[in-house]
1. Just give me the residues in segment B:53-83 being away from chain A (no Cβ under 14 Å), charged (D, E, K, R) and not in a helix (DSSP H, G or I), in sequence order.
2. Out of the residues in segment B:366-386 meeting the condition of being away from chain A (no Cβ under 12 Å) and part of a strand (DSSP E or B), tell me which one is nearest to A:L281 (Cα to Cα).
3. In segment B:206-218, is there at least one residue being closer than 18 Å to B:F441 by Cβ, in contact with a Phe, Trp or Tyr (Cβ under 7 Å, 6 or more places away or on another chain), touching a residue at least 40 places away in the same chain (Cβ under 8 Å) and open to solvent by less than 30 Å² (accessible area, probe 1.4 Å)?
4. Please work out which one of (1) touching a Ser or Thr at 6+ places or on another chain (Cβ under 9 Å); (2) within 15 Å of B:N118 (Cβ to Cβ); (3) part of a loop (DSSP other than H, G, I, E, B) is the condition B:I24 fails and give its number.
5. Please give the number of the condition B:A535 fails out of (1) assigned to a helix (DSSP H, G or I); (2) under 20 Å from the mean Cα position of the chain (by Cα); (3) of a type outside the set (V, I, T); (4) over 30 Å from A:S399 (Cβ atoms).
6. So which of B:D496, B:D453 is open to solvent by 10 Å² or more (accessible area, probe 1.4 Å), over 26 Å from B:R141 (Cα atoms) and within 14 Å of another protein chain (Cβ to nearest Cβ)?
7. Test of understanding: among B:I518, B:I525, which residue is β-branched (V, I, T), touching a Cys at 6+ places or on another chain (Cβ under 6 Å) and open to solvent by less than 50 Å² (accessible area, probe 1.4 Å)?
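The values are calculated or read from the model by the stated rules, or taken from the named source; none is laboratory data. Since the structure is predicted, the reported quantities are computational estimates derived from the model, not experimental observations. Ideal geometry is used to build each Cβ from the backbone, glycine not excepted, and the neighbour counts take in all protein chains shown. Surface accessibility is based on the protein's heavy atoms, side chains included, excluding ligands, DNA and RNA. Shrake-Rupley method; radii C 1.70, N 1.55, O 1.52, S 1.80 Å.
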Amino acid sequence: MNSKRHNDTSALIVGGGVAGIVAALDLAETGRDVYLVEQGACLGGQVARLDKLYPTDHCAFCPLWTDIKKVQRHPKITVYCRSTVQAIAKEEGGYRALIGEKPNSIDEGLCVFCGRCREACPEDAVRPVGEHVYPPSYLIDPDTCTRCEDCITVCPTGAIDLDRSAVEISLLISEVIWATGFGEVDLSPLPEFGVGSHPDIMTSLEFEEWTAEAGLNRGKIVQKSTGEVPRAIAFIQCAGARDMRMLPYCSSVCCMHAIKQAQWVKRRNPEIACYIFYTDLRTVGRDYYEYSLRELRDSPIMLVRGRPGLIHPLPSTDAIAVKYENTETQKREIARFDMVVLNGNLRPSAVRTADGGHSIPSCSKEGFVDVKTDKISRFACGFTLEPADVAESSIQASSVAARVSIERKVKNRTHD
Amino acid sequence: MTDVRVYLCRCFSEVDRTVDLERIQERLLQNASVASSTIVDSLCLDSDIQRVAAEIKESGAERVVIAACSTMGRGDSVIEGLAEEGVDRFAIHLIDIREGCAWIHQDEPEGATFKAWNLIDMGVSLVAKKDRSDDVTIRVRPEVLIIGAGPAGLAAAVMVAKLGYTVHCLDRAAHPGGMLRFISRSYPNDEDAVLKLAPYLDEIHNNARIAFYPQARVETVTGFAGNFTVRFSSGGQERWIRPGAIIIATGAMVYLPHGLYRYGETQNIITQMELERRLQSESDSIQNAVFVQCVGARIPERPYCSTICCPASIKNAMRIVEKNPDARVSIVHRDIMMPGSILEDYYRRAMLQGVQFVRYRDDMLPAIKGYEQVRAVEVHDSITGTTRVLDADLVVLSTPLVPNPDNRYLADMLGLQCDRYGFFREIYPLHPLETRMEGIFICGSARWPVSSDQAIVQGEAAAMKVISLLGKGEVAASSFSRVPGQKFGHATVNPDRCTGCGNCVAVCPFDACTLQEIEEKYTYISRVNKMRCKACGNCVAVCLNGAMQVPEHNYRAVVEMIKRAF
C-alpha cells in the first residue's frame, strides 16, 4: 500500500470533470497540494464526450484540453485516473481517504498510440483511452481480455504488462471537494419512450457521440439501424426529467443541448427535418436565448410544445412513430421520425461509499450532494450540487476553492 | 551561421513506413544551416532522450529541430524531457511528421515525404534565425480594486480580505449593498435581504483590510496585471491606488417599461422592483395581482432572457399569497425559466400554494383592461386555446435587467469587450470570469443578469482567480501565455528605425504600445509594455519601417521560411 506524506493543506477533489479541473487548478495555484481522483480513464468528464459547446459552437475539447494539460503539468496536482474513493474517515489533522486505483495493462507513459496491439487483439479488448486524450494511448478492457499475450509481442515499446494489479492509496487530507458530476439514467422504466425497442431511439449523449466530428461517423448524420440519412429527427425534451415518476427536477442543460444538436444536424445536412418537443424552452444564461433565436431563424427547426405520450417503432418499416399533443394548438397528432433523441435524463452521480452504513456524501432524495448535512465535507461544485453547465460549474468550482482556502485560514487562526 | 542539428524520429517505424527519412536526410544537406541530421528509433523513451540530450550538449549545437509526433501526441514530453536534461527549451523546435504527415497521408508516401521535408526545412530556417525576447518578472501589488459594492462586489471584497489582501471597494452609490438594498427577500431561500447583507456590510465597515469609497468614479486606469495604477474620485476627493488586480462588479439596472402595458398611466401598474419596495415597507394585503413576464425582454430590441424575472415573480407571488391566503395571484408568462432542482421545486411549491400560471404566446400579448383603474388582464391562454380575463387590482410588470450604462466607459478604459447589449464579455465559457485583459475579472450582473445568490458565488469565484494571480508574489510576462509551457515572446522596438507614427498604438488590441516623447529629438518613439503584449504581431504588420519585431518570429526567419517553402 502506498502512503502519501501528510500535508496539512492538501485537498482531495473527487471527480475530474470541468468542476474538478477548475477547482484543482485554482487551489494548486495558491500553493496547496491537490489530489484529483477520477473514476474514468481520463480527465475531462462529460464535457470531453461532447462534440460542440453552446453558445459559442466551439469544439468542446480544445479549451478543456489546455486546462487538462495544465493539471497534468502542475507540480502540486496528483491525478489518479481509473480510481475511486473507497473510504473516508476522520482522523487527527484531517481525513484519511482510501483510493482504489484500477490498473491499465498498457503503460500510458510508454504507449505511442501506434495501434498494433489493437490490430493484434483477437477479442477487441484494446481500445483508445478516450476520443480526445492527451497524450493519446490505449487501454485493455480486463473483462474481454483473454490474456493471449498477442499484444505484448507486437508492442514496440514494451508498454504492456497484463499482470499489473490494483493499487490502494491512502491519503491524509485536510479538505474534500465533491465534484462527481452527472450520469445518465436508464429510461426503460418509463415505457412511453420506447428505449431499447429501436436502435435509433437514443439518449442525447449517445447521439452526440454517434454524430461527433471526431467520432465514428465523422460528423455524418446517419441512422444506426440502416446507415441511411434520416429524413426527420425528433428531440424529446424532459425525458424522465420534470417528471415525478423519475427525476422531479429540471436538468437545466438539455434545452440548449437539444437546440445545439438540432442546429448542427441542420448545418451538416439541411435536408433533415428537426423537431424539438419541449415543455419550456429554458435558455437561461449568457447569450443562450439569442443563440436559440439565431439557430431557429437560420435553420428552420420545428418547435412543438408538448410531451409525447408514446414513442414506438412502426411495424414493417424502419421508422419510429411519435404520438403527442401539441399543447399550443390542442391537436393530437402522430408523426413519423427516423431517429429519436431523448434529452433530460441526467442524474448527479455521487460517490456513495458505504461508510459504517452511511453513504457519503449525504445526498438529497434526488441525489444531489447535501452540503448542509454531509459529515465529511461542506464543499461541492458542479452538477453534483445542482444541475449546471460548463460556465456554471467553472464558477462554482472557483467559489468552492475560495471557501476551502478561507477554511484553512480560519482553522490556522483557531490553532494559534 | 547557426548550426542546427536535426533529429528524425522513426517512431518504431510508424513514421518511416510512409515517410522516406533517408531521402529527407539527403535533401536537408542542401540547407546550409543543417549541421547534421540523425535518424533515431524513438525519442519518447527516457534512455533515448538522455542520449540525444547528451549528444546535443556535447556537439555544442546552438539549435535543434526534432521531427517527431505532434504536441498533442508525445511531442511535448520530448521537449520537456530534453529541457529537463539541460537543453535550452528555446533552442528546440518540434515538427510533427507523424500525425500530420505519416498517418494522415498513408496512401501517398511521395507526398508525405515531400511535406515532411518541407516542414522540417522551414523549421530549420525558423530555429536558425529566431531571436529571443527578454522576459520580465515583476512583484505584484497585494491590493485589489473592486468596482461595485453589490452582492457580487461585497462577496469578492470579503473573500479577498479574508485571504489576506488589501481591498479597495468602490461604489457610485453612497452605501454598499447594490440592488439587494431595494429587495425585500431573495429567492430561493426567502432570506430577508437586510439580514443577508448584514454580515457583508459588517465586514466592509469593520475589517481593517477593506476600504470602502462611496460615490466613487474611476477616472483613469493604467498599468498591467500585478501592478495597475488607478485614479478615482470619491465624494469629490481625488485618490490614487495601485492594485495588483481589478474585479468588476458594477451590476445591472432595472429596465423601466415606459410605453409598454400602459406603465406609468395608473398607480396600480408597477414594476417588479416597485413591488419589492412595497413588500419591504408595507404589510398591506394585495387582493388580486397579475404578474406579466417578459415585459421588454425576449423581444427584437432586447433578445435576451434576463434569468431572474421568473423566479422573482414566483417569489413575490408566493409572498402575496402567504400574507393574504384569499388573494388570487396569476403569473402570465411565455416560457417559465426555472432551471435546476431548487428552482423547479420552487415553481412547484408556488403551484401548490395556488399561484395560477397562464402561458401566452409572443404573438398574442396580454392586454390590460380598465380605464383609470386597472380592472383585469385579458390573456390568450395558449394551452387551453381560450381567452381568459384575470381580475386584477395590481399588475406587476416583470422587466429585465439592463446593463449598467457605465460599462462601456469602463470597458474602453480597461481595454475590455462588451457584448452588444453592454454586458462585459468573458474569454470563453470554460473561463467565465476571465477577460481578455490579464488581471481584470468580471462577476455578477455586470457579466450577465444573475440572482443575488449567484452573484455572491461569482464574487467569491472572482476573488479566487485574483488570489491565484497575486498569491505567488511575482509574475513573469511570459506566464500569461494561455498555452501551457509555450512562450511566444513579445514585440520589441528598434529605436533607430521607429519614426513615432503611432500605427502600432492604433492596432494593438491589448493597449501594450504607447508613444513616448524624446525631447532632444523633437519626436516620439513607440514603447511596448511586455506585461501586456501577447505577441500577436499586429504591430509588426503595420510598422512602416520594420522597427517592430517579435524576435521569436522575426523578418529574417519568416522570409527564409517562405523562401524555403515555395
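1. Listed by number, the residues that qualify are B:E62, B:R63.
2. B:V379
3. yes
4. Unmet condition: (3).
5. (1)
6. Step by step, each of B:D496, B:D453 is checked, and only B:D453 is open to solvent by 10 Å² or more (accessible area, probe 1.4 Å), over 26 Å from B:R141 (Cα atoms) and within 14 Å of another protein chain (Cβ to nearest Cβ).
7. Working: B:I518 fails: touching a Cys at 6+ places or on another chain (Cβ under 6 Å).
Only one candidate qualifies: B:I525.
Every residue, every condition in (1) at negative phi; (2) open to solvent by less than 40 Å² (accessible area, probe 1.4 Å); (3) within 21 Å of the chain's Cα centre (by Cα); (4) not assigned by TED's automatic domain parsing to the domain that holds A:S292, yes or no:
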position: A:G40; (1), (2), (3), (4): yes, yes, yes, yes
position: A:G45; (1), (2), (3), (4): no, yes, yes, yes
position: A:K52; (1), (2), (3), (4): yes, yes, yes, yes
position: A:D57; (1), (2), (3), (4): no, yes, yes, yes
position: A:K76; (1), (2), (3), (4): yes, no, no, yes
position: A:I88; (1), (2), (3), (4): yes, yes, no, yes
position: A:G94; (1), (2), (3), (4): no, yes, no, yes
position: A:A97; (1), (2), (3), (4): yes, yes, no, yes
